[in-house]
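In what follows, a single structure is set out as structure tokens and then discussed.
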Amino acid sequence: MSGWLAIAGLGPGDDALLTGEAREALALATDILGYNPYVARIQPRPGLTLHPSDNREELARARHALRLAAAGGRVVIVSSGDPGVFAMASAVFEVLGEHEDWLCLDIRVLPGITAMLAAAARAGAPLGHDFCAINLSDNLKPWALIERRLRLAAQADFAMAFYNPRSASRPEGLGRTLAVLREECEKERLLVFARAVSTPQERLTTVTLAEATPEMADMRTVILVGNKATTRVGRFVYTPRRAE
Ligand code: SAH
């Protein structure tokens, strides 16, 4: 059985931020699967079949990829950013145990530059001390859990990164998130709204918690929240390496 499966991160957008090993896997692939806009980033070529699919079809996509690899395909599932951050790697492992022969497959997870790190680098170093990442989408978890994690992270003075800040199905989520932050943090707390980082549509906006509004974000935005020591210097935002 010569097939393999790579679960690869494409990075935040710019080709220069794709890793060498991901580039190599894409070049060797016979089949590439993923959410439509991510597969659209792949150049078609003879011998390569592209399998774009809708989001919310992650488990079906994972099974499809495993079947193709088990049949001898050189298969890549693509995610944006890093495949282990709110993306396809977990979905593959969730179904991997369903067939004995899938467990013997050559499977590799190829890391990528995740949105929060690309955004942080653009802003300066807002994640320069302890931080956490929270997915604000309540597709796969109850809102009460999101709110609890958010509140405890704010109380523990973590810097934070919010992925999926506005889901179409629950547009009020970000307003509720900002309300929790306003209960737990001072109004001067710095937030960076980083949209479409490393693409031609990139836009970074730094505001205080008092100034932040839900309209500053969409689904292409990652929001970075500083801790209480996060500061501006010139055009940069950074979190010091020490905390009290
Ligand atoms: N696996 C991806 C995250 C998938 S969840 C990663 O590691 O980056 C999708 C969310 O990621 C988006 O809603 C947005 O919050 C964030 N995101 C992905 N690409 C981005 C980019 N280029 N700029 C800003 N945020 C991005």
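Just so it is clear, none of the values below were taken in a lab; they were calculated from the coordinates. This one's a predicted model, so the numbers in the text were calculated from it and none came from an experiment. Cβ coordinates were reconstructed from backbone atoms using ideal geometry, including for glycine residues, and neighbour counts include every protein chain displayed.
When the Cα positions of Ala125, Asn164, Gly81 are compared along the charge dipole of the chain, Ala125 comes out farthest toward the positive end, with charges on each C-beta of Lys, Arg, Asp and Glu. Given R0 = 35 Å, the distance between the Cβ atoms of Ala168 and Leu96 translates into a calculated FRET efficiency of 0.70. Over the chain, the ratio between the Cα radius of gyration and 2.2 N^0.38 Å evaluates to 1.09.
Rounded to two decimals, the Cα radius of gyration of the range 150-244 over 2.2 N^0.38 Å is 1.05. Let me make sure I get this right: for the range 57-98, a, b and c are the square roots of the gyration tensor eigenvalues over alpha carbons, sorted descending. Under 1.5 in a/c it's rounded, otherwise prolate if a/b > b/c, else oblate. Which is it? Oblate, since a/c reaches 1.5 and b/c is not below a/b. Counting only alpha carbon atoms, the long axis of helix 143-155 and the longest principal axis of the chain meet at about 50°. Return, ordered by residue number, the residues of the range 183-219 whose backbone nitrogen is under 15 Å from a label point located 7 Å along Cα→Cβ of Arg151. Residues 183-185 qualify, since their backbone N sits under 15 Å from the label point. Report summary: the helix-based calculation at 222 nm, which adds -39500 (n - 2.57) for every DSSP H run with n ≥ 4 and divides by the residues of the chain, gives -8500 deg cm²/dmol.
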